[in-house]
Amino acid sequence: MSRGSNTPQLAAEYLTLLNLGKHLEMFIVVLEHGSGRGSMKREKQKHLLQRIGENPYVFCMILGILLNTGVELLSRKSFWNVFYYFMDRPLIFLYNSLVIAFTVSFALITRRRVFAFSLLSIVWLVLGVINSIILVFRTTPFTASDMLLLESAYAVMGSYMDKMQMVLLAVGAVLLFVLIVVVFRKAPKRVERISYRNVAFYIGGLFLLTDFATRAGIQTGLLADSFGNIGNAYMEYGFPYCFGNSLLNTGIDKPVDYSSQIVDKLVQEVQQPIQHSSYPNLIKEEDKVLPNFIFLQLESFFDPTYLKGVSFSENPLPNFSAMREKYSSGYLNVPSVGAGTANTEFEVITGMNLDFFGPGEYPYKTILKETTCESIAYNLREEGYYSRVLHNNDGTFYERNQIFPMLGFDGFTSLEYMDADFLEYTCVGWAKDRILTGEIKKALKSTAGKDVLYVISVQGHGSYPAEKSEPLWIQVEADSNFSEAHGDERARLEYYVNQLYEMDQFLGELTKFLSDFPEPSILVMYGDHLPGFDWKEEDLINGDLFQTEYIIWDNYNLPKKDKNLEAYQLSSYVMGQAGLYNGILTKYHQAFAEKENYQEGLKLLQYDMLYGDREVYNGEMPYQPSKLVMGTEPITVSGVIVEEEAVRILGSHFTNYSHVQINGNEIEAEYISSQELKIGKELKDGDQIIVYQAGKDAVSLSHTEEYIYYTR
């Protein structure tokens, strides 16, 4: 863009609005006096500022550099860390400044340029603030997928922030809105005619420069187009590039060699007759036992004795440690750390590698909204299994009540359906895992045939308060190195370790029940990810933040076989121990995991199944969404007793999440027992009564049939 009539006052207006003009001039004077160059006069400084304002390229780049510095300061939380980042990776720093400069350059198309520059600057700084806050509570940074999880984030906010913090957050949001309004009203409006041709030329040139720099960076290895460790990627490649990548890069990229012929050839290899050469642990048909499968995903579960620099008054995981010595076990490589339960869940259920999706993507929030997907539920249905999910948390969290039908599950028992008389909660509001023992018992006994249960624990969920508000069975001591590196984290760690101890007691109770259960059963226990502490790889004995552990426990004496696995290999590996090979991805993992082009073939299959022509299934998806039944036992209304001061609604399997509607209107109800609710409303003949289950978000998960009241 030429230095014509449209830009001479831009910098002056912008600096005047933000009251930065005098500060910048003073800064220049200080620098000049400090360096002995005092000959440059104030008029020359003003002229320099005006020249900057006359050149939008220079102005946008300066603003890009300033905003990039601010965003990285919020992320790295130290001026020195930003300085080291700049010195170590100057081209990356300048590239990210270019990315921001391109986005803010769109302010040039409006007459309210000062407001537009301010608004776009605020957007970038707010993104930086959000990232900074998220990094306090978890290890993984802010990605575009997190914006799809706002409902879930709101649901757990109370567990991470106290009331004062939430009030301050709300006040900050209000002040930000007021600031935007004030800037809009006070910012000068340009009256000169805008040369849209020049503006378009400039923005287009900046776009081409950014695009060229991106492609060149990827081709030379300066930038990465996929992230194995998203936390490290943000540190290496900068927040703007990585966040932008997560925003624009979703789904699975089409493989270069994708074609029907290539897919057909691979499928034929996968579907070839099962032989001992491909399946060394092949079980003869006459020796095959169809066990119940229980996949127990333990929230933020790992062995804390792997943490360097701390000691414990006794073993925090006595049951888990003993089982690890006796049963098949190993490390489990998971896709996230500090958060991302649903993504570990996705990998285990489907057998799909999340690395092929966009950085930080949650398939629960993207592709599974549109299509079904091969899963352990669909695969084991072929063998007559009934599939159910059990989760002692809200049924709508991660929108699981809508996603599990797309994964083929027959039933889903969430917290809203669990026996209120046995529910206990942590001091931060998470249901304790002990409730799951009874729910697993009920689920196994509710069907005549074999079951596959996917059980999702929640007790180990953050945040981890420092206050000792619960009994401490285990005391934690930290050495000077740990204390110096992690400050006052010991108290929070002690709370977390005691939650682990209670979770371990739950494992002991569960395996005791299953030991006496008359049906052969396999229980797979594993952590979904490490907890959200500020740990580094060097803090762990195993040296990997993305490793948890698994144990394959059974009640019919399977041989012990230790092996490290990826989360997306776990279900196929467990099925193989029982001699089951249902599902294309199951067969692929079982027979091809050690082959040279294993990952290339896996990506090809995943792309074809979810985004391609579904050549794997002869062009047509064979899986239809299931009719998900909520709750293990049906909730019913069997009668009504009208008393002088209240109405008693009688039925079965009510919980403290049971709500009452009369003629479609919500009526306040009191939970009395699993057979009784109480309301204060008078009834008349013909009133239609239903009881429905809903969590804190008031979303109805299921409801009873209508009960029509008549006086007798």
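Just so it is clear, none of the values below were taken in a lab; they were calculated from the coordinates. This is a predicted model, so every value here is computed, not measured. Reconstructed Cβ throughout: ideal geometry from the backbone, glycine too, with neighbour counts over all protein chains shown.
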Next item on the list: For n ≥ 4 DSSP H runs only, could you compute -39500 (n - 2.57) per run for the chain, divide by its residues and tell me the 222 nm figure to the nearest 500?
Entry: -13500 deg cm²/dmol
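Could you pull out the chymotrypsin sites (Phe, Trp or Tyr not before Pro) across region 644-712 that fall in loop regions by DSSP (anything but H, G, I, E, B) with no more than 15 other Cβ atoms inside 10 Å?
Working: sites: F654, Y657, Y671, Y692, Y707, Y709, Y710; in loops: F654, Y657, Y709, Y710.
Sparse-neighbourhood loop chymotrypsin sites (Phe, Trp or Tyr not before Pro): Y710.
Return T636, T220 ranked ascending by Cβ neighbour count within 10 Å, so the fewest neighbours appear first.
Numbers: T636 14, T220 9.
Final ranking by Cβ density, sparse to dense: T220, T636.
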Margin query: So for each of 526-534, 376-384 I average, over its residues, the number of other beta carbons within 10 Å; can you give me the resulting order with the highest mean first?
Written below: 526-534, 376-384
Notebook entry, point to check: Classify region 362-423: rounded, prolate or oblate, from the alpha-carbon gyration tensor (a ≥ b ≥ c, eigenvalue square roots; a/c under 1.5 rounded; otherwise prolate if a/b is larger than b/c)?
Noted result: oblate
Item checked: Inter-probe distance in nm under a simple model that places probes 7 Å from Cα toward Cβ, at S483 and I218 -> 5.0
Checklist line | Gain on full stretching of the segment that runs from E325 to Q675 - 0.36 nm per residue minus C-alpha separation | finding: 121.5 nm
Next item on the list: Treat the count of other C-beta atoms within 10 Å as a stand-in for reagent exposure and order I440, I690, I134 from fewest to most.
Entry: I690, I134, I440
Check: How much length is gained if the chain between E633 and K536 is pulled fully straight, taking 0.36 nm per residue apart and subtracting their Cα-Cα distance, in nm to one decimal?
Finding: 30.4 nm
Next item on the list: Please go through region 461-492 and write out the trypsin sites (Lys or Arg not before Pro) that DSSP classes as loop and that have at most 14 other C-beta atoms within 10 Å.
Entry: K468
Next item on the list: Return the whole-Å distance between the Cα centroid of region 167-214 and the Cα centroid of region 628-671.
Entry: 54
Next item on the list: Can you find, among V82, M621, L120, the residue farthest towards the positive end of the dipole of the chain? Put +1 on the C-beta of Lys and Arg, -1 on that of Asp and Glu.
Entry: L120
Note to self: Could you work out how much longer the chain between D253 and S652 gets when fully extended? Use 0.36 nm per residue separation minus the Cα distance between them, nm to one decimal.
What the structure shows: 138.6 nm
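Can you give the relative contact order of the chain as a percent, counting alpha carbon pairs under 8 Å and 6+ residues apart?
On the way: 1162 pairs, mean separation 113.5, N = 712.
So the answer I get is 16 percent.
Tell me, what is the FRET efficiency for N597 and N81 to the nearest 0.05, using R0 = 45 angstrom and their Cβ-Cβ distance as r? Each step should come with its number before you reach the end.
Values: r = 40 Å, r/R0 = 0.90.
With R0 = 45 Å, the Cβ-Cβ based efficiency is 0.65.
What are the trypsin sites (Lys or Arg not before Pro) within region 578-650 that DSSP puts in a loop, where the Cβ has at most 13 other Cβ atoms within 10 Å?
Taking region 578-650 and a limit of 13 other Cβ atoms within 10 Å, the loop trypsin sites (Lys or Arg not before Pro) found are K595, K627.
For a test of the definition: using alpha carbon positions, the gyration tensor, and the 1.5 limit on a/c, classify region 505-635 as rounded, prolate or oblate. Mind showing how you got there, number by number?
Numbers: a/c = 1.60, a/b = 1.17, b/c = 1.37.
It comes out oblate by the Cα gyration axes.
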Note to self: With every atom except the alpha carbons ignored, what do you get for Rg and Dmax of the chain, in angstroms?
What the structure shows: 29.8, 103
Notebook entry, point to check: How far is the Cα center of region 393-407 from the Cα center of region 426-491, in Å?
Noted result: 21
Check: Which of rounded, prolate, oblate describes region 421-482, given a ≥ b ≥ c as roots of the alpha-carbon gyration tensor eigenvalues and a/c under 1.5 marking rounded, otherwise prolate only if a/b is larger than b/c?
Finding: prolate
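Kindly state, to the nearest 0.05, the FRET efficiency for K442 paired with M166, given R0 = 45 Å and r defined as their beta-carbon distance. Don't jump to the answer; show the numbers that get you there.
Values: r = 37 Å, r/R0 = 0.82.
With R0 = 45 Å, the Cβ-Cβ based efficiency is 0.75.
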Note to self: At a 10 Å Cβ-Cβ cut-off, how would you order S446, S457, S673, S521, fewest neighbours first?
What the structure shows: S673, S446, S521, S457
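For the chain, give the magnitude of the charge dipole about the Cα centre (Cβ charges: +1 Lys/Arg, -1 Asp/Glu; no others), in debye to the nearest 20.
Numbers: 60 positive and 87 negative charges, 804 e Å.
Using Cβ point charges on Lys, Arg, Asp and Glu, the chain gives about 3860 debye.
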Next item on the list: Using only Cα atoms, tell me the angle between helix 435-445 and the longest principal axis of the chain; keep it within 0 to 90° and round to the nearest 10.
Entry: 50
